[in-house]
Amino acid sequence: MKSQIHYDVTYGHLLTNELCTKYQGLKTLVVTDPTIKSNYGALFSRLNPNFLFTKTMEARILEQENQLLPPFDLVIGLGGGMAMDIAKFHAWESGKTLVQVPTAISVDAMFSYPIALRYDGKVKYVGEIIPEKIYCDFNILQSTPPVLNRSGICDLLSCHTALYDWQLGAEKGKSHLDAELYNKTATLLQEVKDQVDDIYQVTEKGIRLLMEGFKFVAVENYKIGHCQYEEGSEHFFYYCLEALTQKHFLHGKVINLGILLMSMLQDNKVQEIKAIIKKAGVPIHPGSMDISYDDIAQALRQCNAYVAEKGYSYSILNDKTITEDFINDAINTIKSEFDPTFQAK
Ligand SMILES: [Zn+2]
């Protein structure tokens, strides 16, 4: 068990002014993408930054890139998950200060401290870094497409299926349940369910709830050394679907789909979770992810074997075999309740 970590999160409006004052005079590298630069880049002009647009976590490319960068003392990750992950790498590799400015809370990357690079596609954790500051700027977040922020609910709603899996593993003698953490997570999950409308509307309250929830998950993960309370069969289904299709998905779409399917497999408050997923307003039908119903069926067929092969923590996928009847039922549920192209008929 490791010690505590601390995150310094500032919430407010027009925080980039404060940021530029605090770090004035430092040579700055901003990791972002061209669209985000054109929308928000000028907010950092007092720091006279160099901008870096990278689109890969492939170690070989990032290491080369690091050698060629102009000198810098400060790295700002400005964007979604990819920008923040690449900013983490360059700050860590060069031993410099890291600041994160999310433009959307689509994933929990601003809090996740492991640096996960790809070596010919395979994930390897090479180090850890914690940002000196995270600026949660309501002006920036509320001006991005709402679906990107709504997507963030998935990494907390995942506790619905993950807590079930964690408890199941404990009953089977495969996992160790920490009752205090279980209860704290269940309380957080209930808050997320109760405040789904604020998350949908991307209110300040909704943004804070997601950010504070992500922070809780990261702090507890650091303490206990795993994240079984937040990551279970819903994420394992996604890893299987991604390996099968080789596609990149908006996290909220694919994880919310995983939560629906795995809570059906778990027989775990299915009506309740369906209602919450509908209210969250992130599409989960295959057309929204540029995949087919066949891809979903195929991933379901493979995922019992997939989790065993990968050795993921114990979940419903180790406990219950997915049958063709289940797959038919799952596909029909998505079509009739979550797919506008079928509902219109
Ligand atoms: Zn996730």
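Cα-Cα over 24 Å: which of 184/223; 55/96; 172/193; 122/174; 96/124; 27/122?
Over 24 Å Cα-Cα: 172/193; 122/174; 27/122.
Out of all DSSP beta bridges with both ends in the chain, state the antiparallel percent to the nearest 5.
Around 20 percent of the beta bridges assigned by DSSP in the chain are antiparallel ones.
Please give the length that would be gained between residue 118 and residue 333 if that part of the chain were fully extended, namely 0.36 nm times their separation in residues minus their C-alpha to C-alpha distance (nm, one decimal).
Contour length minus Cα-Cα distance gives 73.9 nm.
Among 34, 48, 112, pick out the residue whose Cα is farthest towards the positive end of the charge dipole of region 9-141, where Lys and Arg carry +1 and Asp and Glu carry -1 on C-beta, about the Cα centre.
It is 48.
Which percent of Cα-Cα pairs in the chain sits in each 20 Å bin, short to long?
So the P(r) values, bin by bin, are 30, 58, 12, 0.
Where does region 141-228 land on Rg(C-alpha)/(2.2 N^0.38 Å)?
1.17
Take 178, 120 and sort them by solvent-accessible surface of the protein heavy atoms, 1.4 Å probe, largest at the top.
Largest accessible area first, the list is 120, 178.
Multiply the residue gap between residue 246 and residue 130 by 0.36 nm, knock off their C-alpha separation, and tell me the result in nm, one decimal place.
38.8 nm
For the chain, which whole-number percentage of the solvent-accessible area (1.4 Å probe, protein heavy atoms only) is attributable to carbon and sulfur atoms?
Carbon and sulfur together cover 49 percent of it.
Mind ranking 19-25, 322-328 by how tightly packed they are, going by the mean number of other C-beta atoms within 10 angstrom, highest first?
Peptide ranking by packing, descending: 19-25, 322-328.
Please flag any cysteine in the chain that has no other cysteine's Cβ under 4.7 angstrom from its own Cβ.
20, 136, 154, 159, 227
Might you tell me the accessible area per residue for the chain, computed with a 1.4 Å probe and given in Å²?
Heavy-atom SASA per residue in the chain reads 44 Å².
Whole-Hz Karplus ³J(HN,Hα) for region 239-248, in order, using 6.51 cos²θ - 1.76 cosθ + 1.60 and θ = phi - 60°, x for Gly and Pro?
Result, ordered by residue: 4, 5, 5, 5, 4, 6, 9, 6, 9, 9 Hz.
Kindly list the residues of region 88-104 that lie in the label zone of residue 63, defined by a backbone N under 18 Å from the point 7 Å along the Cα-to-C-beta vector.
Of the residues in region 88-104, 88-95 have backbone N under 18 Å from the label point off residue 63.
Viscosity 1.002 mPa s, temperature 20 °C: what is the translational diffusion coefficient of region 9-141 from Stokes-Einstein with a Kirkwood Rh over Cα pairs, rounded to a whole number of µm²/s?
146
For region 287-345, max minus min Cα coordinate along each principal axis, in Å, sorted largest first?
Taking the Cα atoms of region 287-345, the three principal extents are 41, 23, 16 Å.
The values are calculated or read from the model by the stated rules, or taken from the named source; none is laboratory data. Computed from a predicted model, the values in this text were never measured in an experiment. We place every Cβ from the backbone using ideal geometry, glycine too, and count neighbours over all the protein chains shown. What goes into the accessible areas is simple: the full protein's heavy atoms, side chains included, and nothing from ligands, DNA or RNA. Shrake-Rupley method; radii C 1.70, N 1.55, O 1.52, S 1.80 Å.
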